[in-house]
1. So how far, in whole Å, is the C-alpha centre of the stretch 6-20 from the one of the stretch 39-93?
2. Can you work out the accessible area per residue across the chain, with the rest of the protein chains kept in place, probe 1.4 Å, in square angstrom?
3. Using the Karplus curve 6.51 cos²θ - 1.76 cosθ + 1.60 with θ = phi - 60°, what ³J(HN,Hα) values do you get for each residue of the stretch 56-64, in whole Hz, with x for Gly and Pro?
4. Take the alpha carbon gyration tensor of the chain, find the square roots of its eigenvalues, order them as a ≥ b ≥ c, and report rounded if a/c is under 1.5; if not, report prolate when a/b exceeds b/c, else oblate.
5. Charges only on Cβ, +1 for Lys and Arg, -1 for Asp and Glu: so what's the dipole of the stretch 31-79 about the Cα centre, in debye to the nearest 20?
6. Give the peptides 129-141, 70-82, 34-46 in descending order of average Cβ contacts within 10 Å, highest first.
7. Taking a ≥ b ≥ c as the square roots of the eigenvalues of the Cα gyration tensor of the stretch 107-146, is the shape rounded (a/c under 1.5), prolate (a/b larger than b/c) or oblate?
8. Can you give me the long-range amide H partners of ILE39? Hydrogens built in the peptide plane at 1.01 Å from N, cutoff under 5 Å, separation of 5 or more residues or another chain.
Amino acid sequence: MSDAPVYVAVCGGGDATGDDQALAEEVGRLLARESAVVICGGLGGVMDAVARGAASEGGVSIGILPGRDREGQSAHLTHSIPTGMGEARNILIVSAADALIAIGGEFGTLSEIAFALRIGVPVVGLRTWELAKHGSPVDAYPLAETPDDAVTRALDAARERAR
């Protein structure tokens, strides 16, 4: 693999619990320590927390925003990209990533998980959705126990995908 950085999308609720925000902030710190670029939706909750964590370690975060301007964006982002696409920007977040970590979240997070699985971007879950089909669990992606576990799994999967 080249020396190019790994890009990891982190998705989760904009109205996230304090626990999910703490997990996201730690994920952001750990990704920055590994020189990974963080991609997120750029707003509050998990998105703000992961950008804050990355910034605390001097890392880079990119917010792909739903609106046509930067209003409401996390103050901790390194860069932001307004799209004017609303929730449809979720496919851009996922497409720009080498791996995705889902933390908590609601249906927007579920859409990002689904897009990632559909286009072959590896997913790691951390206190997020567990999938089932016809009442039977679907083993679509690993569920991590800790932020460190999530980051390790995501970086390993991203690097494996790049080979």
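The values are calculated or read from the model by the stated rules, or taken from the named source; none is laboratory data. Keep in mind it's a predicted model, so treat the numbers as computed, not measured. Positions of Cβ are generated from backbone atoms using ideal geometry, with glycine treated the same way; all protein chains shown enter the neighbour counts. These accessible areas exclude ligands, DNA and RNA; they are computed on the full protein's heavy atoms, side chains included. Shrake-Rupley method; radii C 1.70, N 1.55, O 1.52, S 1.80 Å.
1. 11 Å
2. 49 Å²
3. 5, 10, x, x, 10, 10, 10, x, 9
4. The shape class here is rounded.
5. In debye, rounded to 20, the stretch 31-79 gives about 20.
6. 34-46, 70-82, 129-141
7. rounded
8. Amide H neighbours of ILE39: VAL8, ALA9, VAL10, ILE62.
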